[in-house]
Structure formats: C-alpha cells, structure tokens
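The values are calculated or read from the model by the stated rules, or taken from the named source; none is laboratory data. On a predicted model such as this, the values are computed, not experimentally measured, just so you know. Note that each Cβ is placed from the backbone with ideal geometry, even for glycine, and that neighbours are counted across all protein chains shown. For the accessible areas, the whole protein counts, side chains as well, though only heavy atoms, and no ligand, DNA or RNA atoms are used. Shrake-Rupley method; radii C 1.70, N 1.55, O 1.52, S 1.80 Å.
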Amino acid sequence: MNDSIPRLVVAAPSSGAGKTTVATGLIAALAARGLKVSPHKVGPDYIDPGYHALAAGRPGRNLDAWMSGPERIAPLFAHGAAGADVAVVEGVMGLYDGAAGRGELASTAQVAKLLRAPVVLVVDASSQSRSVAALVHGFASWDPQVRLAGVILNKVASDRHETLLREALEEGSGVPVLGAVRRAKAVDTPSRHLGLVPAAERSADALRAVREMGELVAASVDLDEVLALARTAPPLGCTAWEPAAEVEPLVGPRPRIALAGGAAFSFSYAENAELLAAAGAEVVPFDPLHDEQLPERTSALVIGGGFPEVYVSELSANAPLRAAVAQLAASGAPVVGECAGLLYLGRELDGLPMCGVLDATARMTPRLTLGYREAVALADSPLAAAGTRVRGHEFHRTVTEPAAGPSPAWGWRTPTGPHTEGHLHGSVHASYLHLHWTGAPALATRLVRHAAAWAASHDGS
C-alpha cells in the first residue's frame, strides 16, 4: 500500500489560538482545489472532527494515543487517509500538552512524531509583536524530534502588525511564515458548556461557517507552500489498520445493531462502527429525535455521546421510541449507553422522563468533569468481561444520582481512592466513560456475539 501520504499537523502554543479555524479552513481550501483531503484530530474530541468532515466530505477521525495506544496511531492514520491526496491533522491543547502526569503521552507532539509529520504552529498574535519570535523559537527547540516547519499567524490586526511579526520571525526564529490570518467574526462558531456547538446541530450555519473558513485561509495562507511542506513527510513505514484483523468474525446470520445518531447523539468514533461490522454485525443508524421506533430486527443498541440535555424536551416527547428502548432492554437484548446514552437510559434528565431503563436520574451542573481514565470492568456484561482493562475519557457537565448502580460498570483509582462508576443492569451497560474501541477491539467481538445469541433466541418471536 501507499504509506507516503502528504501530511502535516496543525498545532498551537495553547488552546484558544485558533487551531480549529485554521485546520478546518485548510481542509476546506485544499478540498476546494479538487484535492481529496483526509481530516484527523489529535485527542478524544468529537466536535472538531464534525467540522472537518463537512470541509472534507469524508469522516473526521481521531488519533488518541491514550485510548488507542501509541503503536496504533500511524496504522489508524493510514487507514483513515487511504485514497487521499493530503492529510491535515489538528492538534489538541498546546503542542506539548498530553495526559496529565504521563509526559508526552497523547500530546500533539507525540502524534506528530509517530506520524513523522511536519508541524505548523498557529500563533495568536493579537497581543504581541516581536515576542512572537521568542515564543516560536522556544517551541521549535524544545524537542528536536518535533519538526516545527512553519508558522501561521492568527488574529493579526493590520498590515503594519503583520509586517512587525514577519520581521521578528525572520530575524529570530528561522521558521518560515506560511500565512497571516486577520480576525474575522464571520467564521466564528458558537460555543456552549462543552465547547463548540457540534456541526450536526448547525446544519446550514455550519456549512456556511466552514465555507467562510476555507475562503479566509485561502486568501491568507500560501497553500502551495503548505502542500510543499506536507509532501516532505517521509513514508510512514507501517501497515494500515484493518478492523477485520482486530476482531473474531461471527459465523452465522448477522445481527442488527442500532446505532443512535442525529443532533442529540452526534459523538461517535467511525472505527467503533467499523469494528462492529467487521465482527459480523449489520450496523443501522437511527435518530432518537425523529424516529419513533428502533430499526426493524434490532438485536442490540448502542447509544453514544452527544448533547441530550440540549434536546431533552424533544427526546422526552418521543414517547414511542422511549418505550421501544425500554422494551428492548427488558427483553435481554444488549444495550450500551456511553455518556449521553447513560442519561437517555435513566429515569429523568433535568426533570423530564427518559427511557426508564436505569434507576437513575441526571441533571445539569456547573461543574465540568474532564480527564483520561484507566478503568477495569467490575463484572461480566455484554460489552466487557470482568477484569477487562480499558483506557477512556470523561467529558460532561451532568451528574447522575446514583453515580453507580448496585453493579457498577467500571472501577478506577482517583487521588482520593477507589472509584466506581456506571450501571450494569441485566443486559444493559451504561457509563460516562467514552471508549475508542481500537484500544480494546474485543469489546466489539463480545457485543456482536451477545447480539447474535439474543437474535437466535428470539428468532420468529
């Protein structure tokens, strides 16, 4: 296979510098030239890849060394970038920020090294001039294995400001300037309690914002230089990740697994569905905001992350679907809820009825729960055997009461001691923990086997 895909990583000194605007704009501008662009995002974030996907016309994929493992980053990249002319990888936080207390693990810098990719640093220049050279020099020299090969100046105030910045960088950093982007409110994307509003919720507004990001970057950045830089990336020297090689394929009829989607449940990793399909399932998406019944012949249900709290009235009003979910769970079919799915499966969310599968209520809270977790399954479930160890991520501003049921889903250690979280109830596994199943592909095999067993036992019933 061709593992010489041109590629670059878009990084920044810190969050808030404009990585998403520049990365999405680059993807859109390159796609407007007729190139097939493969979009990627470092870290667990679901929202930015949604904008990347709109810009590229193909799925935005995550590269998370904590959840998937460093050894899978290059193979996963090669899998996602297959057939593309160029790949743009947006970083997370600051260039060298990763899993707390774990050195460079899961940082943009680590992923850039694993991909052997040049790095373009997006610098918020709004409150500096000559100091920009010291900042870029420091980032370029911190880790010699990270090839900081270009700078894009963002939030530049004027032509005079741009001239001062370019002169300082030419004199003091040795890193070429690839472009200077003026502050432009037209491309601002609205935010709320967990970051940007997902592209799936904004529809025409999101498409317009992505188009304007592309136009802004095309007018402000030397795209020819960007492409030339991306083409300096050497061969990856790896074999592309293949979901079929990670699972044990099912022998027999394919069970149908319903996968929640739409605006309320827009957070999912493409590879999770690919693993389910490779393990022998027929994966069928549905939208809990609009569909009043589950797909016909559903044998298992996966409800991933999203913003059910934003759509709580509409979800609650869809009583036929809530009843169908409760009936499926009561029948013993496997049901997996992850973060938003956990909330939807409970009795209430912010006082409004949900599916009532779990004896738990949920509500919004000002407190943000955020961070990587190393967890162990505390009991057997259709998703994981007892003792299964996984690495996941929490990201929510809600709480459930109780936080863990009589049979918790996961356990992990915190600075204050052991912690249990989530609910196992019959065939239901529900938790706040987001998982990228590439780090534990046996989950897909197990879920498909349980779905097939349930389907066989209910055939014709």
Problem - Area accessible to solvent at residue 36, 1.4 Å probe radius, in Å² - result: 120
Practice task
Mind listing the long-range amide H neighbours of residue 183? Cut-off is under 5 Å, sequence gap 5 or more, other chains count too, H placed in the peptide plane at 1.01 Å from N.
Solution key: 155, 156
Fill in the blank from the handout: With the dipole of the chain defined by +1 on each Lys or Arg Cβ and -1 on each Asp or Glu Cβ, the option from 81, 275, 12 whose Cα lies farthest towards the positive pole is 12
Problem - Accessible area of the chain divided out per residue, in Å², using a probe of 1.4 angstrom - result: 39
Exercise for the section: Kindly give Rg over Rh for the chain, based on alpha-carbon atoms, with the Kirkwood expression for the hydrodynamic radius. Expected result: 0.99
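Rounded to the nearest 20 debye, what is the charge dipole size of the chain about its Cα centre when +1 sits on each Lys and Arg Cβ and -1 on each Asp and Glu Cβ?
Working: 38 positive and 46 negative charges, 79 e Å.
So the magnitude is around 380 debye.
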Completion exercise
Carbon and sulfur atoms account, in whole percent of the 1.4 Å probe accessible area of segment 128-173, for 50
Exercise for the section: Mind listing the long-range amide H neighbours of residue 90? Cut-off is under 5 Å, sequence gap 5 or more, other chains count too, H placed in the peptide plane at 1.01 Å from N. Expected result: 10, 40, 41, 42
Practice task
Can you tell me the relative contact order of segment 306-461? Whole percent, Cα pairs under 8 Å, sequence separation 6 or more.
Solution key: 23
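Could you tell me the relative contact order of segment 78-145? Use alpha-carbon pairs under 8 Å, at least six residues apart, and round to a whole percent.
Numbers: 33 pairs, mean separation 10.9, N = 68.
After rounding, I find 16 percent.
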Completion exercise
Counting only protein heavy atoms with a 1.4 Å probe and every protein chain in place, the carbon and sulfur fraction of the accessible surface of segment 315-384 in whole percent equals 53
Problem - the chain: relative contact order in percent, alpha carbon pairs under 8 Å with at least 6 residues between - result: 14
Completion exercise
For the chain, whose charge dipole is built from +1 on Lys and Arg Cβ atoms and -1 on Asp and Glu Cβ atoms, the candidate among 349, 65, 436 with its Cα farthest towards the positive end is 65
Handout entry: 222 nm mean residue ellipticity, helices alone, for the chain (DSSP H n ≥ 4; -39,500 (n - 2.57); rounded to 500)
Key = -9500 deg cm²/dmol
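What does the charge dipole of segment 62-105 about its Cα centre add up to, to the nearest 20 debye, if the Cβ of each Lys and Arg holds +1 and the Cβ of each Asp and Glu holds -1? Intermediate results must be reported in sequence, preceding the final value.
Values: 2 positive and 6 negative charges, 25 e Å.
Approximately 120 debye in magnitude.
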Problem - Estimated inter-spin distance, residue 297 and residue 416, nm [label 7 Å along Cα→Cβ] - result: 5.0
Completion exercise
Along segment 416-429, Karplus-curve 3J(HN,Hα) (6.51, -1.76, 1.60; θ = phi - 60°) to the nearest Hz, with x for Gly and Pro, reads 9, x, x, 9, 10, 8, x, 9, 10, 9, x, 9, 9, 10
Problem - R0 of 45 Å, Cβ-Cβ distance residue 248-residue 222: FRET efficiency to nearest 0.05 - result: 0.35
Problem - Zone residues, segment 307-339, relative to residue 359, backbone N less than 16 Å from point 7 Å out along Cα-to-Cβ - result: 330
Completion exercise
With 0.36 nm assigned to each residue of separation and the Cα-Cα distance removed, residue 347 to residue 367 gains 5.0 nm
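For residue 317 and residue 211, compute 0.36 nm times the residue count separating them, minus their Cα-Cα distance, and round to one decimal in nm. Show your work: numbers first, answer last.
Numbers: separation 106, 0.36 × 106 = 38.16 nm, distance 3.47 nm.
My answer for the length gained is 34.7 nm.
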Problem - Other-chain or far-sequence residues with amide H under 5 Å of residue 250's (modelled H) - result: 280
Exercise for the section: Taking 7 Å along the Cα-to-C-beta vector as the label spot, tell me the residue 163-residue 457 distance in nanometres, rounded to one decimal. Expected result: 7.8
